[in-house]
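Right, one structure below, let's go through it.
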Amino acid sequence: MKKLLLCLLACVAASSFAAETPAPAPAAGTAAKPVDQKASTAIRAAIAKKFPDMKVDDVRATPMTGIYEVTMGSDLAYVSADGRYLIAGDLYEIDTRTNLTESGRQKNRVAALAKLDEREMIVFKPTKVKHTITVFTDVECGYCRKLHSEISQLNELGVQVRYLAYPRAGPGTDDWRKMEAVWCSKDRKNAITEAKAGRDVKSQQCATPIAKQFELGEKLGVRGTPAIFTNTGDYIGGYLAPDAMVKELDRLAAAAKN
């Protein structure tokens with residue numbers, strides 16, 4: 001959102017775009033109808049013209065007539081059908097106090113996580129899986145190391161842990177190279193355990209998914225590590241002790257069914 005706000009500040013004078021008649025939006029609390037294609041095209045063209053650094057990933061109808069939800073990476077914004085107005089902020093349904101923007105973020109996360117290939121992850125799987133968490137991790141992160149030290153407890157409680165790489169120091173750093181060594185190791189599970197214990201991991205160079213996973217973390221709005229996501233698209237955030245983790249996963253799973 002910070003990048004989007006900077007773009008907005010840099011483009012105070014908004015120009016008009018060809019107005020399109022929006023499709024009637026559903027009443028609050030009902031599922032949004034498919035977006036009017038003409039409105040979608042106009043909105044995409046508007047943003048491309050005024051904010052060339054921002055890529056529109058999706059445009060969806062909202063319960064508000066003439067207002068569309070626009071996904072740009074980890075950012076969500078609301079744009080009028082004529083392309084003249086943009087709202088940066090969360091949209092709530094007053095009666096139910098539902099954060100519709102967060103619901104949109106969850107849908108985006110679910111879609112992104114569903115595309116992942118577990119062969120590119122490091123997976124610690126229990127005998128019987130009750131919950132699955134996908135964790136953006138860093139071998140240099142203190143709380144990442146703490147979570148990993150309790151991974152056997154999480155497995156015993158039925159929590160499957162799927163690691164993705166998110167070296168916070170960024171490309172070209174020692175942190176990044178350490179994580180490449182882990183992912184290039186023949187035994188990744190042992191390698192990440194060794195690296196998180198502060199020991200050097202030796203391996204030959206290879207093609208890794210580190211850059212792709214790091215980019216995905218940026219897109220999903222990862223703000224620090226460990227960044228923990230559920231299969232229902234909830235962003236738990238940072239470290240939780242095993243018992244607290246299961247309690248939170250149970251709560252979120254129950255909420256998702258309602």
Q. So how much slack lies between Asp250 and Ala169, counting 0.36 nm per residue of separation and subtracting their Cα-Cα distance, in nm?
A. 25.8 nm
Q) So which trypsin sites (Lys or Arg not before Pro) in the range 140-193 pass both tests, a DSSP loop state and at most 14 other Cβ atoms within 10 Å of the Cβ? A) Lys186
Q | Dimensionless Rg over Rh [the chain; C-alpha; Kirkwood] | A | 1.03
Q) If you put +1 on each Lys and Arg Cβ and -1 on each Asp and Glu Cβ, how big is the dipole of the range 113-258 around its Cα centre, in Debye rounded to 20? A) 240 debye
Q.
Restricting to DSSP H runs of at least four residues, report the calculated mean residue ellipticity at 222 nm for the chain, -39500 (n - 2.57) per run over all residues, nearest 500 deg cm²/dmol.
A. -11500 deg cm²/dmol
Q. Which of the trypsin sites (Lys or Arg not before Pro) found in the range 218-258 are in a DSSP loop and have at most 16 neighbouring Cβ atoms, other than their own, within 10 Å?
A. Arg223
Q) In whole percent, what relative contact order does the chain give with Cα contacts below 8 Å and a gap of six or more residues? A) 15 percent
Q | Label-to-label distance, nm, for residues given as Thr41 and Ser149 (7 Å Cα→Cβ offset) | A | 5.9 nm
Q) Can you pull the three principal axis extents for the Cα set of the range 144-258, in Å, largest first? A) 48, 30, 19
Q | Pairwise centroid distance, computed over Cα atoms, of the range 156-193 with the range 197-258, Å | A | 12 Å
Q: Looking at the chain, send over the antiparallel percent of its DSSP beta bridges, to the nearest 5.
A: 75 percent
Q | Extended-chain gain in nm, criterion 0.36 nm per residue less alpha-carbon gap, Asp243 and Ala207 | A | 9.3 nm
Q) For a label point 7 angstrom out from the Cα of Tyr235 toward its Cβ, which stretches of the range 103-140 have the backbone nitrogen within less than 19 Å? A) 103-116, 133-138
Q: Take peptides 224-237, 77-90 and line them up by average Cβ neighbours within 10 Å, highest first, as a rough protection proxy.
A: 224-237, 77-90
**Q.** Anchor Lys125: aspartates and glutamates whose Cα lies under 12 Å away (excluding residues fewer than 8 positions away in-chain)
**A.** Glu156
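Every number here is computed from the coordinates shown, using simple stated rules; none is lab data. All values reported here derive from a predicted model rather than from experimental measurement. Neighbour counts run over all protein chains shown; Cβ positions are idealised from the backbone, glycine included.
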